[in-house]
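Below is one structure, written out as structure tokens; the observations come after it.
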Amino acid sequence: ALAQSAGNEAPRLTLSYGQFGLVYQMFSITIATMGAGFLFFVLAQQNLAPRYRPAMVVSAIVVAVACYHYFRIFNSWNESYRLVGEVYQATGVPFNDAYRYADWILTVPLLLVEAVAVLALASNIASGMIWRLALAAFVMIATGYPGEISSDTGTRLLWGTISTIPFIYIVYTLFVELGRSLERQPARVQVLTRNLRLLLFASWGFYPIAYLLPLLLGGGLNASGIVAVQVGYSLADILAKVGFGVLIYFIALEKTAHDRATADPALGTPALGTD
Ligand code: RET
């Protein structure tokens, strides 16, 4: 709703008590989840064979970076609206979505490295592929930003469409490569890898949908559009960072068990519990 303010000032955007509170709670829960994820990844890596531990370190960094950014986003949200009577009115301090994009620019390449590392996509393809994926991720996020901060529907659609081109490249490449890596995995790892692929598409697919929600809901960047975008991105971030890391952990745990069971005794596999 747009409240009519006195004089010739521009009308101020207002959020209902529930709308403001929903985003407030989402940010709060996301900070908590990222923090808990950090502890989990740091502690749980000890259960894995040394070769899989770097993946958990990457996950720990991703959620630590996100925890910080959500803290900043949360503070920015609180500065952008003020309770006036029974509604939250925009204070004029703009809500800063740049934290989110700064976060993605840092964490998306890390997540790509993590996926490629644990699935041990054959190293010769992996080295060139990871750079192409990282570059595509950079272009996807950098071109999404101008659309994100524009209040104009056409501009949002234009940049969103451009950003979708590298997005499709990334998703397609990962789908094909994860599919190929399936054949090389032990049976139980195959099931988990299929789930990982599913989670990857569900969570990554969530971002462009959240981006489009203001247009799909009709009103553009009005109160419900703003709330939908923030709730959508928060959910997607929880799935793509914490959910993804936890699944990678279970894959690495399964691979650790498999490596131990199939290790060549002649190579002097250490007895369980001594490594
Ligand atoms: C944007 C703009 C609109 C078009 C598309 C987008 C995709 C964003 C994605 C972000 C993924 C972020 C992750 C973060 C985890 O840390 C930029 C919203 C396609 C896919 C995985």
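The values are calculated or read from the model by the stated rules, or taken from the named source; none is laboratory data. Model, not experiment: these values are computed from the prediction. FYI the Cβ positions are ideal-geometry reconstructions off the backbone, even for glycines, and counts take in every protein chain you see.
The table below gives the values:
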read-out: Checking A115 against (1) within 15 Å of the ligand (Cβ to nearest atom); (2) surrounded by 19 or more Cβ atoms within 10 Å (Cβ to Cβ); (3) under 30 Å from G21 (Cα atoms), the condition it does not meet; value: (3)
read-out: Some residue of region 157-171 being in contact (Cβ under 8 Å) with a residue 60 or more places away in the chain, part of a helix (DSSP H, G or I), more than 8 Å from the ligand (Cβ to nearest atom) and over 17 Å from the mean Cα position of the chain (by Cα); value: no
read-out: Region 187-204, residues that are crowded, with 16+ Cβ neighbours inside 10 Å and either touching a residue at least 40 places away in the same chain (Cβ under 8 Å) or within 9 Å of the ligand (Cβ to nearest atom) (or both); value: V189, L192, T193, L196, L199, L200, S203, W204
read-out: Residue in region 172-180 that is assigned to a helix (DSSP H, G or I) and at pLDDT 90 or above present; value: yes
read-out: Filtered residue count, region 73-100, keeping only those that are surrounded by fewer than 17 Cβ atoms within 10 Å (Cβ to Cβ), of a type outside the set (S, T, N, Q) and part of a helix (DSSP H, G or I); value: 2
read-out: Residue within region 59-66 that is at pLDDT 95 or above, away from the ligand (no atom under 16 Å from the Cβ), of a type outside the set (F, W, Y) and buried (at least 17 other Cβ atoms within 10 Å of the Cβ) present; value: no
read-out: Some residue of region 228-251 being in a helix (DSSP H, G or I) and more than 23 Å from V108 (Cβ to Cβ); value: no
read-out: Neighbours by Cβ (under 9 Å, 6+ apart or cross-chain): first from region 26-52, under 18 Å from W77 (Cβ atoms) and in contact (Cβ under 8 Å) with a residue 60 or more places away in the chain; second among the basic types (K, R) and not in a loop (DSSP other than H, G, I, E, B); value: T33/K241; M34/K241
read-out: Given (1) of a type outside the set (K, R); (2) touching a helix residue (DSSP H, G or I) at 6+ places or on another chain (Cβ under 9 Å); (3) touching a residue at least 40 places away in the same chain (Cβ under 8 Å), number of the condition T91 does not satisfy; value: (3)
read-out: Evaluation of A134 against (1) modelled with pLDDT under 90; (2) hydrophobic (A, V, I, L, M, F, W, C); (3) within 16 Å of the ligand (Cβ to nearest atom) (one fails), failing number; value: (1)
